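All remarks here apply to the structure that follows.
The values are calculated or read from the model by the stated rules, or taken from the named source; none is laboratory data. Computed from a predicted structure; not experimentally measured. Neighbour counts run over all protein chains shown; Cβ positions are idealised from the backbone, glycine included. The accessibility values were calculated without ligands, DNA or RNA, using every heavy atom of the protein model including side chains. Shrake-Rupley method; radii C 1.70, N 1.55, O 1.52, S 1.80 Å.
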Amino acid sequence: MDNLEIKPGVYWVGVIDWDIRNFHGYITQRGTTYNAYLIVDEKITLVDTVKACLFDEMMDRIKKIIDPSKIDIIVSNHVEMDHTGSIPMILEHCPNAEIITSTQGEKGLKRHFKADWNLRVVKSGESMSIGKKTLTFVHIPMVHWPDSMVTYIAEDKLLLSNDAFGQHIATPERFDDELGWDVLKEEAAKYYANIVMPYGPQAAKAIEALGGIEIDMIAPCHGIIWRSLIPNILAEYNKWVNYETEKRALIVFDTMWNSTKSMAYKLQEGLMEAGLPTTVKFLGTNHISDIVPEMMHSRLILLGSPTLNNGMLPTMGAFLTYIKGLRPKKRVGFAFGSYGWGGQAVGEINEIMEKLKWDMPEESININYIPDPEELDEVKAVGKKLGEYILAQEE
Ligand code: FEO
């Protein structure tokens with residue numbers, strides 16, 4: 001695939017990673033891209049780079065446009081190595097290039113690369129002319145790291161947004177309208193849920209900071225470029241940064257001898273009888289990074305585990321460790337499980353939900369060995385009550 005001119009003089013020179021299926025613990029079923037952008041102006045500027053192992057592919061695309069020794073400026077919007085990994089190699093071609101970064105970016109680049117580069121730190125809101133075009137840098141700390149910033153080209157109404165608004169999708173299409181909203185919404189939500197969710201307040205501030213500028217294209221560093229569906233993705237981000245949920249339930253469970261499983265499905269029966277749409281995710285067959293998007297828009301979260309060796313199953317432990325980091329807010333929680341003698345799993349789940357400050361209106365259920373039909377009726381009744389509780393809430 002060739003480079004692509006996305007605005008006059010602005011080229012996509014990124015790389016499509018068709019093969020990646022695990023991005024630091026996030027399952028990327030559709031692969032991803034690392035998007036870098038080359039701006040051909042009086043000062044030739046490269047905005048972000050790609051993973052080190054894919055440098056040659058980016059370089060081939062750059063070489064078809066300019067001689068890489070002519071690059072004057074490299075903008076490093078974010079230190080994570082999927083965007084900076086190729087800087088050392090590109091600097092072999094243009095050793096005098098100035099690297100533009102944020103204050104935290106300078107610290108991060110020095111710690112990562114231990115090199116004496118020609119760094120220039122820019123403040124949030126600072127602008128610089130590169131000829132006909134003006135670059136403005138806006139810091140968006142924690143979307144995704146403390147160093148993160150975006151680069152805006154006013155003349156093109158183009159926002160080079162780095163991790164913000166990204167999606168992990170490898171595709172020959174480069175623009176949103178070529179791929180369609182359904183798949184983009186799914187992947188953008190999964191990306192937000194797994195990467196940005198812990199930093200909702202910071203993401204809200206970032207969106208506010210960008211609110212005053214005219215944008216007709218958002219070009220992130222992962223996935224497709226937004227040009228037709230900008231209102232759609234901004235509307236979704238506005239919901240996500242505010243932890244807005246739908247009246248839906250999500251049951252996540254693991255099981256040893258199917259007791260906890262039977263409780264999970266009885267709870268679902270009760271919830272559905274109340275009229276609350278309910279999704280069930282078995283930890284034995286669903287990766288945690290595929291469960292959290294469902295969690296992002298579900299108001300009620302029910303978590304079930306039997307007790308093994310005086311604690312919850314390791315799969316539920318891993319899931320809750322992940323959730324503790326992602327910190328979903330404004331949820332209603334419920335714990336359930338089964339046990340032989342100790343029965344500590346349910347208490348451990350409750351402890352974590354309390355730390356997350358979730359509302360827990362119903363007493364959890366912990367059943368000894370195998371639930372009998374009466375107990376399962378009680379489980380269903382609790383599901384129904386929880387469903388009614390959610391449905392009675394304001395939107
Ligand atoms: Fe795509 Fe936080 O790096």
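If you check GLU106, GLU92, GLU80 for being more than 13 Å from the ligand (Cβ to nearest atom) and surrounded by 16 or more Cβ atoms within 10 Å (Cβ to Cβ), only one passes: GLU106.
Quick one: in segment 250-281, of everything that is hydrophobic (A, V, I, L, M, F, W, C) and under 25 Å from GLY200 (Cα atoms), which residue is surrounded by the fewest Cβ atoms within 10 Å (Cβ to Cβ)? Full working, then the answer.
Step one: list which residues in segment 250-281 are hydrophobic (A, V, I, L, M, F, W, C), which gives 250-253, 256-257, 263-264, 267, 271-272, 274, 276, 280.
With under 25 Å from GLY200 (Cα atoms) added as a condition, the list becomes 250-252.
Working: LEU250: 22, ILE251: 24, VAL252: 28.
Residue satisfying both the conditions and the ranking: LEU250.
When segment 70-82 is filtered for residues that are assigned to a helix (DSSP H, G or I) and over 15 Å from THR45 (Cβ atoms), the ones remaining, listed by number, are MET81, ASP82.
Among the residues of segment 98-142, those identified as assigned to a strand (DSSP E or B) and of a type in the set (D, E, K, R) are GLU98, ARG120. Scanning segment 31-56 for residues that are surrounded by 18 or more Cβ atoms within 10 Å (Cβ to Cβ) and not in a loop (DSSP other than H, G, I, E, B) returns THR32, THR33, TYR34, TYR37, LEU38, ILE39, ILE44, THR45, LEU46, VAL47, LEU54, PHE55.
Going by what's in this entry, would ASN194 be described as more than 16 Å from the ligand (Cβ to nearest atom) and either under 30 Å from GLU273 (Cβ atoms) or open to solvent by 10 Å² or more (accessible area, probe 1.4 Å) (or both)? It would help to see each step written out before you state the result.
Numbers: more than 16 Å from the ligand (Cβ to nearest atom): no; either under 30 Å from GLU273 (Cβ atoms) or open to solvent by 10 Å² or more (accessible area, probe 1.4 Å) (or both): yes.
Against the criterion (more than 16 Å from the ligand (Cβ to nearest atom) and either under 30 Å from GLU273 (Cβ atoms) or open to solvent by 10 Å² or more (accessible area, probe 1.4 Å) (or both)), ASN194 does not qualify.
At pLDDT below 95 and either open to solvent by less than 30 Å² (accessible area, probe 1.4 Å) or farther than 20 Å from TYR26 by Cα (or both): is that true of GLY166 in this structure? So GLY166 fails the test. Screening LYS239, LYS247 for residues that are among the charged types (D, E, K, R), open to solvent by 10 Å² or more (accessible area, probe 1.4 Å) and touching a residue at least 60 places away in the same chain (Cβ under 8 Å) leaves exactly one candidate, LYS247. Annotation: PRO172 fulfils all but one of (1) within 16 Å of the ligand (Cβ to nearest atom); (2) assigned to a loop (DSSP other than H, G, I, E, B); the unmet one is (1).
Mind checking which residues of segment 197-209 are away from the ligand (no atom under 14 Å from the Cβ) and touching a Phe, Trp or Tyr at 6+ places or on another chain (Cβ under 8 Å)? Selection gives GLY200, ILE207. Filtered by the rule that a residue be within 25 Å of TYR26 (Cα to Cα) and open to solvent by 20 Å² or more (accessible area, probe 1.4 Å), segment 197-228 gives TYR199, PRO201, GLN202, ALA204, ILE207. For segment 164-183, what are the residues that are touching a helix residue (DSSP H, G or I) at 6+ places or on another chain (Cβ under 7 Å) and closer than 23 Å to GLU80 by Cα? Within segment 164-183, ALA164, PHE165, GLY166, GLN167, HIS168, ILE169, THR171 meet the criteria. Within segment 126-135, the set of residues being open to solvent by less than 50 Å² (accessible area, probe 1.4 Å) and free of Cβ contacts under 8 Å to residues at least 60 places away in the same chain comprises MET128, THR134.
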